[in-house]
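Undergrad: Sharing a structure here in structure tokens format.
Values quoted throughout were computed directly from the atomic coordinates according to the rules given, and no laboratory measurement underlies them. Note that the coordinates shown come from a computational prediction; the quantities given were computed from them, not determined experimentally. Cβ: placed from backbone, ideal geometry, glycine included. Neighbour counts: every protein chain shown.
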Amino acid sequence: MRCNNLSAIDADLWVFDNDGTLYRDTRPIENVVESFMIDFIARYYGLNREQATTKRREILRKYRTSYTLIAMRNEGVDEDEFIRATYLKVNPSDYGISDSPDLRNILLSCKGERIVLTNNVSEFANAILCSLGIRDLFSSIVGMRERNFAQKPDTSAFGFVQSALRVGRSVAFLDDGIENIKTTKQLGCVTILVKNRELTEYADFRVQLS
């Protein structure tokens, strides 16, 4: 069902994905972060960029992950050093991620606590929210490190959501990924698919945020 007014949905807790949900075009900033990751790998292993690109693919396969931070952590790299040299080296406003009064008004219409749940690091999500001018609207950001690297759509990534549901809180979950929508629907959330034209029985509503 298409939803034009989130205020019509009653929820105690609103859980938002970040990338692809709260801002539209993720590829420009993601491409730059990925480039910084390759630079980091080149320095760490003493490789040129072409070799570092190959090395990145190898360690991602080795640790069966799509997240370079997780792979490099398993290689013994300091997480904070890696985050500073990659995710936090970019300025989101340079990639069209800037104040969005319309998005802010939409979020203000969601009565209840608001939290961001991202598969990226919370430090990166924090920078995005600050650039969008909406950081103050969220009580917390739960990133991969706060979940001990559990990744959506695995149910282990939704621990705090399950805790909220167990104590009787109603939870609305917004994401652009259908597998994440499926998992949270099965947990008992009201599910809202964002910016995705694909139909799924697991989404209670569809909405465009940005």
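Undergrad: Which lysines have a Cα less than 27 Å from the Cα of Lys89, not counting those fewer than 8 places away in the same chain?
TA: Lys55, Lys62, Lys152
Undergrad: Also: If we count other beta carbons within 10 Å of each Cβ, what is the order of Lys152, Lys89, fewest first?
TA: Ranked by crowding around the Cβ, least crowded first: Lys89, Lys152.
Undergrad: Moving on to the next point. Just Asp17, Asp99, Asp80 to compare: in a GNM of the chain, with alpha carbon springs under 10 Å, which one fluctuates most?
TA: Asp80
Undergrad: Compare the Cα positions of Ile134, Leu47, Leu6 along the charge dipole of the chain (+1 at Cβ of Lys, Arg; -1 at Cβ of Asp, Glu; about the Cα centre) and return the one farthest towards the positive end.
TA: Leu47
Undergrad: What is the sum of charges, Lys and Arg at +1 and Asp and Glu at -1, for the other residues whose Cβ falls under 15 Å from the Cβ of Ile134?
TA: -2
Undergrad: At 0.36 nm per residue, and after removing the present C-alpha to C-alpha distance, how many nm does the segment from Leu199 to Asp94 gain when stretched out fully?
TA: Here the segment from Leu199 to Asp94 would lengthen by 34.5 nm.
Undergrad: Could you give the dipole magnitude of the stretch 28-89 about its Cα centre, charging the beta-carbon of Lys and Arg +1 and that of Asp and Glu -1, in debye to the nearest 20?
TA: Dipole of the stretch 28-89, to the nearest 20 debye: 240 debye.
Undergrad: Oh, and also: Given the options Gly112, Gly188, Gly168, state which has the largest fluctuation in a GNM of the chain using a 10 Å cut-off (strictly under) for Cα springs.
TA: Gly168
Undergrad: Which value, in debye to the nearest 20, describes the size of the charge dipole of the chain about its Cα centre when Lys and Arg Cβ atoms bear +1, Asp and Glu Cβ atoms bear -1, and nothing else is charged?
TA: 360 debye
Undergrad: Here's a follow-up. What are the residues whose amide H is under 5 Å from the amide H of Val142, where those residues sit 5 or more places off or on another chain and H is modelled from the backbone?
TA: Val116, Leu117, Thr118
Undergrad: Would you look at the GNM of the chain, springs on alpha carbons closer than 10 Å, and say which of Val116, Val15, Val90 moves the most?
TA: Highest fluctuation of the listed residues: Val90.
Undergrad: Could you tell me whether the chain comes out rounded, prolate or oblate from its Cα gyration tensor? Rule is a ≥ b ≥ c as square roots of the eigenvalues, rounded for a/c under 1.5, then prolate if a/b exceeds b/c, otherwise oblate.
TA: Here the chain falls in the prolate category.
Undergrad: Related question: Given an 8 Å cut-off on Cα distances and at least 6 residues of separation, report the relative contact order of the chain as a percent.
TA: RCO, the chain: 28 percent.
Undergrad: Sum up the charges of everything whose Cβ sits under 12 Å from the Cβ of Leu117, counting Lys and Arg as +1 and Asp and Glu as -1, but leave Leu117 out.
TA: -1
Undergrad: Give the relative contact order (percent, whole number) for the stretch 28-89; include only Cα pairs under 8 Å separated by 6+ residues.
TA: RCO, the stretch 28-89: 35 percent.
Undergrad: If I histogram all Cα-Cα distances within the stretch 1-104 using bins 5 Å wide from 0, what percent of pairs lands in each bin?
TA: So the P(r) values, bin by bin, are 2, 10, 16, 19, 14, 11, 9, 8, 6, 3, 1, 0.
Undergrad: Taking the Cβ of Met37 as the centre, find all other residues whose Cβ is under 14 Å away and add up their charges (Lys, Arg: +1; Asp, Glu: -1).
TA: Within the 14 Å Cβ shell, the charges total +1.
Undergrad: Hey, can you grab everything whose amide H is under 5 Å from the amide H of Asp176? Only 5+ residues off in sequence or another chain; H modelled, so Pro and N-termini drop out.
TA: Distant-sequence amide H within range of Asp176: Val194.
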